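The block underneath contains the structure these notes are about, expressed in structure tokens.
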Amino acid sequence: MNELERLRELLLGDELQSVQHIEAELLHLQKSLEHPEALIHHIVPHFSKMLVNASSQDHAAFEKAVVHALNSLIEQASAESYEPVIAKISPLIYRELHRYTVSHKEEVSDLLYPVVGGMISKYVSQMLQDMMNDINAKIQHGLSVQNIKRKIRAKLQGVDESELLFYESMPVHIKAVLLIHKPMGAIIAHRVDEGGSIDEPEMVGSMLTALTDFINNWIHKQEQFSDVNEINYGGSKIYLESSGHSYLAVLLDGQTTQDVIATTNEVLEKILDNYATPIQKFDGDLASLPAHDIRKLFTPLFALNHHSTPDAQTPSKWPLAAIVLVLLALGGWLYYSQYQKEHFQAMILERIRTNPHLALYAINTAWQDNALVIQGKVPNQKLKDEIFNVVMTKKFPYEIENRVLVVKPLKDYAKSKHLIAKQIAILNSDPHTNLSYSVADGIVSISGETASPKELKQAAAIIAELDAIKHLYINVTDVSDRDYSLYFKSGTSAIEKQHAPLLETIASLLHKHPQAHLTIIGYSSPSKDIVQNTLLAKSRAQNTTAALIALGIAPQRITTQWIPQPPLFRENNISKSQCVKFYWYNIAQERE
Amino acid sequence: MKKYIKKILIIGNHGVGKTSLATRYVENKFSDAYLSTIGVNIMKKNIILSDHDGNMAAVALMLWDVEGTNKNQNIPLHYAKGCNAFIVVVDATRPQTLENLQQHLDYIHNFDVAIPFIIAINKSDLESVVTLESVAFKRKYSNCVDIIKTSAKEDDNVEKLFTLITKRTVW
């Protein structure tokens with residue numbers, strides 16, 4: 001031990017041991033700094049406690065300090081690169097958002113609605129606004145033929161022009177056209193737009209038929225409806241145009257515009273012009289109908305896909321052309337109005353002239369200040385009043401004035417005779433009426449038989465009103481109850497001798513009234529064997545038809561039907577139920 | 001080869017196996033669609049037929065499986081419009097369905113007295129109460145093509161049933 005060490009020992013004594021201990025501790029700490037993991041391991045438990053203590057003692061100050069530190073950290077990290085920050089935070093945010101959205105759907109929806117809803121509504125409004133601007137521009141500046149046509153069409157249909165234009169502005173895409181045999185639901189021909197396809201067209205045809213049949217037969221059963229004409233599915237539509245034995249089904253996206261409806265009508269008309277009979281007789285044999293040729297007739301419908309909107313035409317730059325077009329439109333409109341009036345006038349005149357009571361008198365019509373005036377002379381007020389009954393059967397767009405005069409006729413024998421002849425001829429147009437008459441010295445005699453006693457009474461009243469007529473004698477047999485039936489023995493359907501007189505009468509009536517048509521219905525007894533009854537009723541009707549054809553009656557004037565039951569009110573009379581009955585109808589009257 | 005499209009209506013009481021017969025025959029389940037609301041199930045099968053003379057025909061067969069009826073319930077007549085033939089299905093295990101057979105035949109004859117039909121006694125894999133003999137009297141109908149015991153479950157006579165009736169609509 002040297003002098004210095006001895007001195008140290010004398011001065012520090014016991015503390016020397018403590019200093020050595022401190023030196024060792026310092027050395028240990030220095031070593032720990034060289035290994036931070038070990039240091040963290042020691043500090044972390046205390047750090048958590050320290051944070052908890054700090055936040056509980058002065059929460060506001062602690063929060064401020066932490067936020068500041070975090071902001072600095074994020075800023076610093078972001079300044080270097082966003083990606084690592086985003087990569088770290090995104091999954092956390094996404095997971096939390098997802099969890100919250102699932103558990104608070106309605107709240108999230110309410111929260112987002114003002115933003116998302118606003119965005120959507122802004123987009124849609126903008127789209128509609130653009131469309132309306134487009135429409136307005138077309139209305140204001142359009143002097144094209146198309147626009148004038150549209151104006152006329154809007155007027156005729158009674159709709160607003162902008163509404164019509166709105167529908168026209170909606171894009172239409174014809175995806176497929178199918179001609180379907182209505183009773184079978186079979187596809188006769190179909191065609192799809194370029195690039196498109198349709199799975200199982202036969203299934204589509206059958207399903208459409210089943211659906212429309214169901215709707216027509218059940219839902220519309222009690223109502224005066226025609227066939228269903230539009231079915232919506234997804235975002236598309238099926239527009240159906242129906243004829244007697246077929247549907248034309250047009251599958252389209254967009255609105256069923258007037259163009260689509262009109263073109264579908266035209267196409268169906270063309271198809272029926274060419275193929276109505278084969279379609280009617282179609283029994284599943286696909287060779288009986290030329291599908292390829294029919295498909296060609298669908299072309300106008302697909303042409304609508306490439307049709308440039310009528311509005312592509314710019315407003316006329318040439319005033320002269322515009323004036324010409326306006327004049328043409330005006331001319332067209334005037335011509336149409338005139339046509340409407342003439343059509344209306346002709347219809348009124350037809351009603352008057354086909355009425356058996358009014359047809360005898362010279363009644364005419366004329367236009368005065370947009371009102372149709374009925375003029376002429378009739379012999380009594382009753383007939384004048386009848387004009388209104390005949391004419392006013394439905395609401396008309398024009399005013400009608402009845403200015404017919406009631407004038408007591410002079411004793412014009414020749415004219416009276418002519419009127420009587422006309423009345424009798426009208427009555428004789430009924431196949432079961434056979435009247436003759438004579439006029440001499442103001443005395444009229446009518447004789448014969450009639451199945452229409454009510455009509456005879458009305459005619460007699462008119463004849464009796466004639467001034468030239470002093471007396472009217474009627475000697476007419478009422479045959480309205482006459483039984484025009486052929487009866488058959490049980491289990492038979494053959495035409496026998498006793499049937500001949502009635503068959504000849506029926507044949508002569510048909511010859512006498514070439515406009516008349518006859519429906520023959522065969523009946524049977526009410527026994528339980530439905531098959532036997534059906535065969536008998538059918539055979540009775542067919543044999544009767546054959547007998548009339550043999551008597552020179554054209555087959556197309558006879559309709560043959562059968563019902564395996566007794567006729568109405570003969571259910572309990574077996575001998576009267578085994579029969580054939582004749583039902584007349586006059587084609588002229590039917591058309592009227 | 002001539003091409004045809006034919007519509008055949010399958011009728012019968014509830015639960016006699018109309019749909020099972022049709023699906024067994026058609027097999028392709030993707031081509032069927034059930035319009036349960038309106039009571040008809042339409043299926044399609046393309047088949048090739050040949051007759052004794054070697055004539056061939058391609059037929060798109062549209063099977064209209066009409067919802068089953070019970071006694072006194074009528075099948076809507078509009079489904080039968082334009083159909084070429086009927087298949088009447090009875091259940092071999094339920095005599096009640098045989099009792100309603102006459103009702104179905106009346107329906108067919110009211111629709112068209114000459115239209116062909118075939119009777120299928122289905123579920124013949126089970127203990128049968130309805131036998132061929134018990135419906136033999138139906139053969140008096142000239143338009144009754146045949147009466148066949150079938151089993152949709154065991155695929156017994158199903159092909160024969162549909163082929164026979166379809167052939168009758170073509171030749």
Answer from A:Leu372, A:Leu383 - the residue that is assigned to a strand (DSSP E or B), at pLDDT 80 or above and either open to solvent by less than 60 Å² (accessible area, probe 1.4 Å) or within 20 Å of A:Lys149 (Cβ to Cβ) (or both): A:Leu372
Single residue of A:Leu51, A:Leu39, A:Leu10 found to be free of Cβ contacts under 8 Å to residues at least 12 places away in the same chain and surrounded by fewer than 10 Cβ atoms within 10 Å (Cβ to Cβ): A:Leu10
Matching residues in the range A:229-244 - criterion: being open to solvent by 20 Å² or more (accessible area, probe 1.4 Å) and either of a type in the set (Val, Ile, Thr) or at pLDDT 80 or above (or both): A:Ile231, A:Lys237, A:Glu241
Every pair of residues 6+ apart whose Cβ atoms lie under 7 Å, when the first sits in the range A:539-555 and is hydrophobic (A, V, I, L, M, F, W, C) while the second is open to solvent by 30 Å² or more (accessible area, probe 1.4 Å): A:Ala541/A:Thr560; A:Ala541/A:Gln561; A:Ala541/A:Trp562; A:Ala547/A:Ile495; A:Ile549/A:Pro555; A:Leu551/A:Glu504
Per-region count, the range A:184-201, residues at the interface with another protein chain (Cβ under 7 Å from one of its Cβ atoms) and at pLDDT below 80: 1
Verdict on A:Met50 being at pLDDT below 75 and among the hydrophobic types (A, V, I, L, M, F, W, C): no
Breaking point among (1) surrounded by fewer than 20 Cβ atoms within 10 Å (Cβ to Cβ); (2) within 13 Å of chain A (Cβ to nearest Cβ); (3) touching a residue at least 24 places away in the same chain (Cβ under 8 Å), for B:Tyr79: (1)
Residue identified as at pLDDT 80 or above and in contact with a Cys (Cβ under 7 Å, 6 or more places away or on another chain) among B:Phe162, B:Phe117, B:Phe111: B:Phe117
Selection from the range A:553-585 of residues that are of a type outside the set (A, V, I, L, M) and part of a helix (DSSP H, G or I): A:Pro555, A:Gln556, A:Arg557, A:Ser575, A:Lys576, A:Ser577
Cross-chain or 6+ apart pairs with Cβ under 7 Å, the range A:67-86 first and closer than 26 Å to A:Leu51 by Cα, then open to solvent by 80 Å² or more (accessible area, probe 1.4 Å): A:Val85/A:Ile74
Selection within the range B:131-163 - over 20 Å from A:Asp529 (Cβ atoms), free of Cβ contacts under 8 Å to residues at least 60 places away in the same chain and not in a strand (DSSP E or B): B:Thr131, B:Leu132, B:Glu133, B:Glu154, B:Asn157, B:Lys160
Top-ranked residue in the range A:393-414 [being under 15 Å from A:Arg351 (Cβ atoms) and surrounded by 13 or more Cβ atoms within 10 Å (Cβ to Cβ); ranked as modelled with the lowest pLDDT]: A:Phe396
Considering residues of the range A:525-552 that are in a loop (DSSP other than H, G, I, E, B) and modelled with pLDDT of 90 or more only, the residue farthest from A:Gln578 (Cα to Cα): A:Gly552
Count - residues of the range B:88-114 that are within 12 Å of another protein chain (Cβ to nearest Cβ) and open to solvent by 10 Å² or more (accessible area, probe 1.4 Å): 9
Near pairs, Cβ below 7 angstrom, 6+ apart or cross-chain, from the range B:114-130 (in contact (Cβ under 8 Å) with a residue 60 or more places away in the chain) to any residue that is assigned to a loop (DSSP other than H, G, I, E, B) and open to solvent by less than 30 Å² (accessible area, probe 1.4 Å): B:Ala120/B:Thr150; B:Asn122/B:Val16; B:Asn122/B:Gly17; B:Asn122/B:Ala92; B:Asn122/B:Thr150; B:Asn122/B:Ala152; B:Lys123/B:Gly17; B:Lys123/B:Ala92
Subset of the range A:239-271 [part of a helix (DSSP H, G or I), more than 15 Å from the chain's Cα centre (by Cα) and within 21 Å of A:Asp213 (Cα to Cα)]: A:Leu268
Residue within the range B:115-131 that is among the aliphatic types (A, V, I, L, M) and within 14 Å of chain A (Cβ to nearest Cβ) present: yes
Given (1) open to solvent by 30 Å² or more (accessible area, probe 1.4 Å); (2) out of contact with any strand residue (DSSP E or B) (no Cβ under 6 Å at 6 or more places or on another chain), index of the condition A:Leu466 fails: (1)
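The values are calculated or read from the model by the stated rules, or taken from the named source; none is laboratory data. In this text the structure is predicted, and so the values were computed from the model without any measurement. No Cβ is skipped: glycine too gets one built from the backbone with ideal geometry, and neighbour counts run over all protein chains shown. With ligands, DNA and RNA removed, areas are computed over all heavy atoms of the protein, side chains included. Shrake-Rupley method; radii C 1.70, N 1.55, O 1.52, S 1.80 Å.
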